[in-house]
Amino acid sequence: PAKLFERYQFEKVPILIGYTNMEDALLLNKEDVEDAGITKQEYDSMVNDIVLADLSLDVNNNTCFTNQQHISETVSFFYDPIPPTNNETILRELFLKYYMEKNYGAPSYMFAKYMSKHAETYTYRFDLKPLSTAVTEGIPSWVGVVHNFDLVYVLGLPYFSSPADPGSWDNSDKRISDIIMRL
């Protein structure tokens, strides 16, 4: 995609781009424990593995020098808990924040920033978890708004109920869907 943008090989149309506050939270879902967090060792290891994997993708020749330790420490500076903690719930939330911002927030922002020079551009981060058990059943209570939960409202899913269970959607979800579809 970056090469296509550099060559202006894209349509200059209005865009709407967004993401949710816990896009990939279910990756950390431990099915046997409702509120299982991650240890400090797991947190450090996962963040470091992601940083090192990204560096190995970006540095594929000898013309670029990187100080991997410095980059890992910089990420830690922004995402490690202050004050330091071993609270596994806090560490899980911080890791998910890092992962979401790295994989969804930053790319969405960069894409929107670039596109806004060429077309009307709108961005959002969606943080409203559906109230209806039709959507959230089986998802731990600690999980916020995961990937595609924004589409529940965009597509008007609260209005799709089976005749056998007309009350499966909360009225609040229907009202929010009305607003989102209108926008």
Failed item in (1) aliphatic (A, V, I, L, M); (2) buried (at least 17 other Cβ atoms within 10 Å of the Cβ); (3) in contact (Cβ under 8 Å) with a residue 40 or more places away in the chain, with Val143 passing the rest: (2)
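If you take the residues in segment 86-113 that are surrounded by fewer than 14 Cβ atoms within 10 Å (Cβ to Cβ) and touching a residue at least 24 places away in the same chain (Cβ under 8 Å), which one is farthest from Leu26 (Cα to Cα)?
Restricting attention to segment 86-113, the residues satisfying the condition of being surrounded by fewer than 14 Cβ atoms within 10 Å (Cβ to Cβ) are 86-87, 89, 106, 110, 113.
Checking the rest, the ones that are also touching a residue at least 24 places away in the same chain (Cβ under 8 Å) come to 86-87, 89.
Details: Asn86: 21, Asn87: 19, Thr89: 14 Å.
In this case the residue turns out to be Asn86.
Residue by residue, here is whether (1) assigned to a helix (DSSP H, G or I); (2) among the aromatic types (Phe, Trp, Tyr); (3) modelled with pLDDT of 90 or more; (4) at positive phi holds:
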{"residue": "Thr74", "(1), (2), (3), (4)": "yes, no, no, no"}
{"residue": "Asn86", "(1), (2), (3), (4)": "no, no, yes, no"}
{"residue": "Phe111", "(1), (2), (3), (4)": "yes, yes, yes, no"}
{"residue": "Tyr124", "(1), (2), (3), (4)": "no, yes, yes, no"}
{"residue": "Val135", "(1), (2), (3), (4)": "yes, no, no, no"}
Of the numbered conditions (1) surrounded by 13 or more Cβ atoms within 10 Å (Cβ to Cβ); (2) in contact (Cβ under 8 Å) with a residue 40 or more places away in the chain; (3) closer than 27 Å to Phe160 by Cα, Asp127 satisfies every one except a single condition; which is it? (1)
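The values are calculated or read from the model by the stated rules, or taken from the named source; none is laboratory data. Please read these numbers as outputs of a predicted model, since none were measured by experiment. No Cβ is skipped: glycine too gets one built from the backbone with ideal geometry, and neighbour counts run over all protein chains shown.
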